[in-house]
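The values are calculated or read from the model by the stated rules, or taken from the named source; none is laboratory data. Treat the numbers as computed from the prediction; the structure is a model and nothing was measured. Here the Cβ positions follow ideal geometry from the backbone for every residue, glycine too, while neighbour counts run over all protein chains shown.
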Amino acid sequence: MKNNRILPLTLVVAAVLAGCSSLPANNSLLDEARNDYSIAQANPQVTSLAAGELRQAGNSLDKANSAWSKDESKAKVDHLAYVAKQEVAIARETADQKAAELAVSNATAERDAVRLEGRTREAEYAQRSAQISQRQSEAAERDARDSQRQSEASQRSAEASQRQAEAQTQAANIAQLNAQDARQQAEAAQDRALQLEAQLKAMEATKTERGMVVTLGDVLFDTDEAQLKSGGVHNVQKLADFFRQYPQRNVMIEGFTDSTGSDSHNQNLSDRRADSVRTALLGMGMGSERITWRGYGESYPVASNDTAAGRQQNRRVEMIVSDDNGKIAPR
Amino acid sequence: MSSHQWYRAAGAIGIAAVVMAGCASVPKPTEQIAVSNSAITNASRAGGAEFAPVEMRSAQDKMARAHQAMAKEDYEDARRLAEEAQADAMLAEKKAESAKARKAAVVMGDDIRVLREEINRKSK
């Protein structure tokens, strides 16, 4: 009976002693909460972004630890440990959320920067395009100007060619005209020569070594006088006309007689008759510088003085026409 | 009434006081129940069922048990269950929010990448 009383008492004492000497039995849920909390505390993202939530979890964990160290009921410790554990998880998720939100906000800024970059590039692209267009249009303009210059040059060279052609045509025309002129001149010269000959022939001129000679016969003078008859004046007039047409030609007037009478008389008569013709020519407008004259008396007969016909032939005045240079060979 | 009887009466009153005091120290956790219900509603609205199904189920389960404990007038158990349900619901809400935020960050990163590619193609 005594033993029976002692045993419970011993057990109670043992239980009290055990309670004092050792910590309460491990609580696995509390261990998990502690472990989670220390991991979260080591995570700078959680400590910086979810400081309030982590502090809340710490307070709850303190309560759980306190309950556990006071050896309160397992249900209470489990409960407090569970709440603390969930609150650590909340702190972790909060940190995750805030980090993601920060990332979104940074990304928004980045997106704006990218958009700005895009617009800047578009603007640059547009500017480059505009510059390229401008350069192209400038090049086109230059090409157009070049083309115009070339066509102008072509036109100028065409014009020059035309002018040259015209000049050549003109030169050819001139050459033709010159040729015509030359031919005409030649023809005219020939004409003149023929005309001269014809006129002189009409005056019954004869061709001699000294030139054409027109002879005024004795019948054209009054007998033994120097005065020209009207027929002689007519002949002299024809000669004067001739010399008017050929101003480069001069005349030599020579008077002759027959052998009848004295020499001095004959010389005088031949002088006067030559002078008479000269005076007539001067009267008809011929320049005195073109006329030379002299009498030869009975010298240089052209026929015999023995017959009347011969003597008549010897009584004469000869007019020698010079060449084109105005020269007459002396007798 | 003998003195012995007085002792008995005093003992009975003392016990009754202790019992009443015990009742007064575990009040009805009406406020906590309301807070926990609100937390579950918020978590559900935030998409907790989709992003944190385990926590959501746990919160709802604990809330149901809390209501049972309330019915049994086991207020201490009801409070603990309601508090745990609140913690679960808050965690579910946070998980949903952080998952959405991470998703948004990923989408934004993709957007930026696409935008950059487009710009690079355009400007070439």
Unmet requirement for B:Val26, which otherwise passes all of (1) surrounded by 22 or more Cβ atoms within 10 Å (Cβ to Cβ); (2) more than 12 Å from chain A (Cβ to nearest Cβ): (1)
Residue list for the stretch A:191-240, filter: among the basic types (Lys, Arg) and closer than 20 Å to A:Tyr300 by Cα: A:Lys207, A:Arg210
Whichever residue in the stretch B:62-76 is in a helix (DSSP H, G or I) and without any contact (Cβ under 8 Å) to a residue 12 or more places away in the chain and, among such residues, is nearest to A:Val83 (Cα to Cα): B:Ala64
Single unsatisfied condition, A:Gly297 versus (1) surrounded by 20 or more Cβ atoms within 10 Å (Cβ to Cβ); (2) not in a loop (DSSP other than H, G, I, E, B): (2)
The stretch A:43-59, subset among the small types (Gly, Ala, Ser) and closer than 21 Å to A:Ala81 by Cα, residue surrounded by the most Cβ atoms within 10 Å (Cβ to Cβ): A:Ala57
Residues of the stretch B:63-81 satisfying the condition of being crowded, with 24+ Cβ neighbours inside 10 Å and either on the phi > 0 side of the Ramachandran plot or within 11 Å of another protein chain (Cβ to nearest Cβ) (or both): B:Arg80, B:Leu81
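Listed here are the residues, each with its yes/no results for (1) under 30 Å from the mean Cα position of the chain (by Cα); (2) surrounded by 12 or more Cβ atoms within 10 Å (Cβ to Cβ); (3) at pLDDT 90 or above.
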residue: A:Glu110; (1), (2), (3): no, yes, no
residue: A:Val114; (1), (2), (3): no, yes, no
residue: A:Glu117; (1), (2), (3): no, yes, no
residue: A:Gln131; (1), (2), (3): yes, no, yes
residue: A:Ala140; (1), (2), (3): yes, no, yes
residue: A:Arg149; (1), (2), (3): yes, no, yes
residue: A:Gln168; (1), (2), (3): yes, no, no
residue: A:Ala172; (1), (2), (3): no, no, no
Test: residue in the stretch A:275-286 that is in contact (Cβ under 8 Å) with a residue 24 or more places away in the chain, surrounded by fewer than 16 Cβ atoms within 10 Å (Cβ to Cβ), assigned by TED's automatic domain parsing to the domain that holds A:Leu228 and more than 13 Å from A:Leu228 (Cβ to Cβ): yes
Residue check for A:Ala84: part of a helix (DSSP H, G or I) and more than 8 Å from every other protein chain (Cβ to nearest Cβ): yes
Qualifying residue in the stretch B:100-114 (condition: facing chain A (nearest Cβ under 7 Å), in contact with a Ser or Thr (Cβ under 6 Å, 6 or more places away or on another chain) and not acidic (Asp, Glu)): no
Some residue of the stretch A:235-252 being more than 25 Å from A:Glu289 (Cβ to Cβ) and surrounded by 12 or more Cβ atoms within 10 Å (Cβ to Cβ): no
Test: B:Ala87 is more than 9 Å from chain A (Cβ to nearest Cβ), out of contact with any Leu (no Cβ under 6 Å at 6 or more places or on another chain) and either modelled with pLDDT of 90 or more or buried (at least 19 other Cβ atoms within 10 Å of the Cβ) (or both): no
Enumeration of residues in the stretch A:300-331 that are among the β-branched types (Val, Ile, Thr) and either under 30 Å from A:Ala193 (Cβ atoms) or surrounded by 19 or more Cβ atoms within 10 Å (Cβ to Cβ) (or both): A:Val302, A:Val317, A:Ile320, A:Val321, A:Ile328
Any chance A:Leu61 is part of a helix (DSSP H, G or I), without any contact (Cβ under 8 Å) to a residue 60 or more places away in the chain and under 30 Å from B:Arg102 (Cβ atoms): yes
Candidates B:Glu50, B:Glu118, B:Glu93 - the one that is under 22 Å from A:Leu54 (Cβ atoms) and either among the acidic types (Asp, Glu) or in contact (Cβ under 8 Å) with a residue 60 or more places away in the chain (or both): B:Glu93
Lone unmet requirement of (1) within 19 Å of A:Gln41 (Cβ to Cβ); (2) buried (at least 21 other Cβ atoms within 10 Å of the Cβ); (3) within 11 Å of chain B (Cβ to nearest Cβ) for A:Lys98: (2)
Top-ranked residue in the stretch A:178-201 [being of a type in the set (A, V, I, L, M, F, W, C) and surrounded by 12 or more Cβ atoms within 10 Å (Cβ to Cβ); ranked as modelled with the highest pLDDT]: A:Ala188
Failed condition for A:Ala308, given (1) at pLDDT below 90; (2) touching a Phe, Trp or Tyr at 6+ places or on another chain (Cβ under 9 Å): (2)
Residue satisfying condition, being within 23 Å of A:Pro330 (Cβ to Cβ), in contact (Cβ under 8 Å) with a residue 24 or more places away in the chain, more than 60 Å from the chain's Cα centre (by Cα) and not in a loop (DSSP other than H, G, I, E, B), within set A:Asn266, A:Asn235: A:Asn266
A:Glu101 being under 30 Å from B:Asp88 (Cα atoms) and either modelled with pLDDT under 95 or small (Gly, Ala, Ser) (or both): yes
Every pair of residues 6+ apart whose Cβ atoms lie under 9 Å, when the first sits in the stretch A:111-136 and is facing another protein chain (nearest Cβ under 9 Å) while the second is outside any helix (DSSP H, G or I) and not aromatic (Phe, Trp, Tyr): A:Gly118/B:Ser123; A:Arg121/B:Ser123; A:Glu122/B:Ser123; A:Glu124/B:Ser123; A:Tyr125/B:Ser123
